[in-house]
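FYI, it's all coordinate maths here, none of it is from the lab. The structure presented is a predicted model; accordingly, all values stated were derived computationally and were not measured. FYI the Cβ positions are ideal-geometry reconstructions off the backbone, even for glycines, and counts take in every protein chain you see.
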Amino acid sequence: MAADVHRTTRAVSTEVRARLDDLRPSERRIAESLLADPGAFATRSVAEIAEEASTSTTTVVRFTRKIGYDRFKDFRHDLTEENLRERLALAGTNVQSPDIVAGDSLDDIVAKVAANESLSIADTAQALDTAALTRAVAAVAGARRVDIFGVGASSIVAVDLQRKLSRIGRVALEWPDPHAAWTAAAILDEQAVAVAISHSGATADTVDYLRLAARSGATTIAITNHAESTLASSADIVLQTSARETAFRSGALGSRIAQLMVVDCLFIGVAQVDSQASIGALQRTFDAVRERRSE
């Protein structure tokens with residue numbers, strides 16, 4: 001029998017959190033039970049899950065499908081593997097869960113941040129569509145200019161991408177202000193690429209920027225955790241992250257490291273298009289800084 005066609009490529013818990021607002025109350029109780037104790041949840045049968053959430057087995061099956069699985073056994077298999085990866089990430093520490101809570105010691109925080117960031121990178125590597133990445137690399141490598149925009153933590157990632165591309169001789173601009181980003185997007189053309197970065201994919205300023213760029217004819221790339229978001233639906237190419245979320249400032253922690261991982265892959269792909277020129281440019285920029293520091 002063929003594998004299910006709706007299977008998610010993201011970590012189960014990440015997918016569940018992403019879809020919480022779209023779930024019915026009975027389905028949300030199932031989701032909350034999973035997120036409260038993923039390890040125990042993965043050992044339960046459909047009937048046991050239904051009883052725990054005070055709902056029906058039909059609702060459990062419907063919930064499983066909403067998360068992206070046609071078969072419950074595949075859903076439970078992936079959740080079990082995810083729990084194993086989490087345990088391995090926490091191996092050698094004294095903490096049991098990667099969630100940061102009030103009262104954690106600094107030792108706990110270090111262990112949990114390290115585990116969450118490692119898991120965000122691993123999960124993003126699994127979720128990232130290499131076909132989409134290939135198209136993004138080709139678009140950026142062939143662009144006359146690349147304009148990049150993000151808000152908040154995503155703006156840090158935008159700066160990182162702009163500086164990386166600039167160091168290999170690409171014309172790249174990062175816009176820290178929404179009004180400046182919009183005016184820049186309005187005058188792009190078919191030879192330009194616009195990159196928009198947003199964990200939620202719902203940041204209004206970022207969505208407006210990408211829509212303006214698309215209207216101008218630019219190729220648009222979205223880097224987001226939510227493939228069904230407004231930002232993703234406005235983009236020609238979607239590079240999806242799979243950031244691990246914790247109970248403390250989740251959006252700005254896991255999202256940033258996952259976005260940086262995607263940006264690094266995009267940058268290296270572009271650099272490889274003409275590796276000799278890229279290596280030469282990197283050497284010249286390194287020499288320029290070294291010479292200034294030695295004066």
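Worth a mention:
- Sequence-distant residues sharing a close amide H with A172 (under 5 Å, placed H): V146
- Considering only Cα atoms, the convex hull volume of the chain works out to 173 Å³ per residue.
- In degrees, nearest ten, helix 106-127 long axis to first principal axis of the chain (Cα): 80
- Annotation: peptides 274-287, 26-39, 137-150, ranked by per-residue average of other Cβ atoms within 10 Å with the highest first, follow the order 137-150, 26-39, 274-287.
- Placing unit charges on the Cβ atoms only, positive for Lys and Arg and negative for Asp and Glu, gives the chain a dipole magnitude near 460 debye about its Cα centre.
- Projected label points at D21 and S105, each 7 Å from Cα along the beta carbon direction, are separated by 3.9 nanometres.
- Remark: segment 52-59, residue by residue, has Karplus-estimated 3J(HN,Hα) of 4, 9, 6, 8, 9, 5, 4, 5 Hz, where x stands for each Gly or Pro and the curve is 6.51 cos²θ - 1.76 cosθ + 1.60 at θ = phi - 60°.
- Computed FRET value (nearest 0.05) for V159 with A47, which takes r as the C-beta separation and R₀ as 51 Å: 0.50
- Estimated 222 nm signal from helices in the chain, with DSSP H stretches of n ≥ 4 weighted -39500 (n - 2.57), rounded to 500: -19500 deg cm²/dmol
- For the chain, the longest principal axis of the alpha carbon atoms and the long axis of helix 25-36 meet at an angle near 80°.
- The length gained on full extension between D274 and T93, counted as 0.36 nm times the residue separation minus their Cα-Cα distance, comes to 60.8 nm.
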